[in-house]
1. Which of B:S59, B:S114, B:S21 ends up with the largest GNM mean-square fluctuation for chain B, with Cα atoms connected below 10 Å?
2. Quick check on the stretch B:28-136: what are the equivalent-ellipsoid semi-axes from the Cα gyration tensor, as sqrt(5λ), descending, whole Å?
3. Percent of accessible area on chain B owned by carbon and sulfur, 1.4 Å probe?
4. Largest first and in whole Å, give the semi-axes of the protein assembly as shown's equivalent ellipsoid, each being the square root of 5 times a Cα gyration tensor eigenvalue.
5. Interface size between chain A and chain B, please: total buried accessible area, 1.4 Å probe, rounded to the nearest 100 Å².
6. Counting only DSSP beta bridges with both residues in the stretch A:79-201, what percent are antiparallel, rounded to the nearest 5?
7. So how do B:129-135, A:124-130 stack up, highest first, on mean other-Cβ count within 10 Å?
8. Between B:E227 and B:H34, what FRET efficiency comes out of the Förster formula 1/(1 + (r/R0)^6) with R0 = 45 Å and r the beta carbon distance, rounded to 0.05?
2 protein chains.
Amino acid sequence: LVDLSRSAPPSTVGVLGGQFSLSADRVAALQNEHGLSEDELLSMLITPASELARPRISSFHVGAAGIGASGAMYLGCNLEFARLPLYNSIHAEQFLLVNALHCGERGIRKVAVSAAPCGHCRQFYTELNCAETIRFSFSGGTYSLGQLLPMRFRPSDLLTDPNTPLLLDPQCNPLELTPDAKAKVSRLASTGDDAPLAIAAHAALEQARTSYAPYSRCPAGVAIVAEDGSVHGGGVIESAAFNPSLPPLQTAIIDAVLDGMPTYTTVRDVVLVELEGGHVQHAGATRAALEQIAPDARLTVFHVQWAEASKG
Amino acid sequence: LVDLSRSAPPSTVGVLGGQFSLSADRVAALQNEHGLSEDELLSMLITPASELARPRISSFHVGAAGIGASGAMYLGCNLEFARLPLYNSIHAEQFLLVNALHCGERGIRKVAVSAAPCGHCRQFYTELNCAETIRFSFSGGTYSLGQLLPMRFRPSDLLTDPNTPLLLDPQCNPLELTPDAKAKVSRLASTGDDAPLAIAAHAALEQARTSYAPYSRCPAGVAIVAEDGSVHGGGVIESAAFNPSLPPLQTAIIDAVLDGMPTYTTVRDVVLVELEGGHVQHAGATRAALEQIAPDARLTVFHVQWAEASKG
């Protein structure tokens, strides 16, 4: 039902080669070869990006192309999930940001989009370490976040520590599995059949450790294991305005789409790592979402706690 | 755990009398009696509104006060839900809008808020029939939506029919219970113990019929039955940007808080009415949310279909 085939249409295969990003070298080569400015190349990537969208509810394709601080370019497209509430949707601008984050980018210079970024996305981008300098191009104009969301609600309106690392800054949440979870993962690792689940548990833990949760202080990560054994992961990305936050299942799905997962129904296992007794918990919502988009997937939840050394 | 007591602090009881709204007559009388301008009265209501907030995760209280086309004033406060993902949160501006909607308002002239409205709320207000004329006051200034969210993504970017009624316009979705659901509701109505459930089914159906779902065309309604037998309801409110949409459980919870429900744990029954096989379905997410905030509540789902006369 949900076809996530990433095969690009013939007209764009030449530029993208089926990828969601172009290395800085590739960008420079393309600009040189075809005499293109950065803006012209970004603009050329919007339509191919929008063709990768999967808007199962709205049929409204959105494409975004951005350039990172490294000079590499990233694509984003919107993903909607049939039979789920609309707040599960992923916007093209959010997809692009997770794409850049997972490639290790530490800044985004400019994003070109096929439609006006909505208020939800303008708020989401407010979390960036480069919120003051990033530019958005759409409808023939180029704008700062200050122009698109003047007098905005900012991370500093909630964060008390001015040194809190922002989005795209390195994150380090000192978490460890609870003793129960640790024992369970060890048992899984020692049995042949469930070894992939143990690997996924470690991947989800790593995602939780590097996730962006400065507001709730409830980091969380998800790892997805596909039929072919491949593992894809993502961590929660919070917004100071709360609702625009991306849950960890969503960022892991973006990672799977980036890696070429053809359909969600090929998901075999999903591992969620979250704080025991946290103020924010994703287990129930993750289960409810999987029931609709990957009904055969098995969800396993492992709890973490703050590492001893980080306490007090 | 979740204390929703609406008893206002002594300093504000005089103005609000424990209510979330002031009638147009009351507003006029207060202005007269104390020589207050409309702006001064709105501004005076912000703090009492923020004291009604229940920010279980952020501890960040937001209050909003608005004046409707009728001259009545409405309060809003933020509600957050412990142990659930952040996208379940309700912003003060959204609370206020549902408050006005449930009182039959057909327009909002101005909203005064204790903090800068976030991008999510600016986008949500874009659905209003009065989006071009509404004004927001905060941080000492007054702004139009055009100033707060320039070049915004609009309902008309998705809607093909320019005559689609917008938010606060009367909504009429010609829905009827499926034959199965109709038979089940009839059986409930004829048994003494479950008669309240049949009443709630009709209330949820009415909420679905008047809900705002122009994008997915999947109207949905929820009715909540409290321990004391009182029934509170709400319908889904969609946003063209999808994610800022308010699910029907959230609008029903706002209704219950407006009606003075002290804690969510007093919820006995929740009835969800939604389309059979719709592109958007709320059942799983509603169940997952109730498990955390009202674990003793029973969820019953009734399906609806488009009424025969409305087809073809």
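The values are calculated or read from the model by the stated rules, or taken from the named source; none is laboratory data. Since this is a predicted model, take the numbers as computed values, not measurements. Backbone-built Cβ (ideal geometry, glycine too); neighbour counts: all protein chains shown. Quick note on the areas: whole protein, heavy atoms, side chains included, nothing else; ligands and nucleic acids left out. Shrake-Rupley method; radii C 1.70, N 1.55, O 1.52, S 1.80 Å.
1. Most flexible of the set in this elastic network: B:S59.
2. 24, 17, 11
3. Roughly 50 percent, rounded to a whole number.
4. 38, 29, 25
5. Details: alone 13720 and 13690 Å², together 23310 Å².
Looking at A and B, the buried total is near 4100 Å².
6. Antiparallel bridges: around 50 percent, rounded to the nearest 5.
7. Details: B:129-135: 16.4, A:124-130: 22.0.
In descending order of packing, they fall as A:124-130, B:129-135.
8. Here the calculated transfer efficiency is 0.70.
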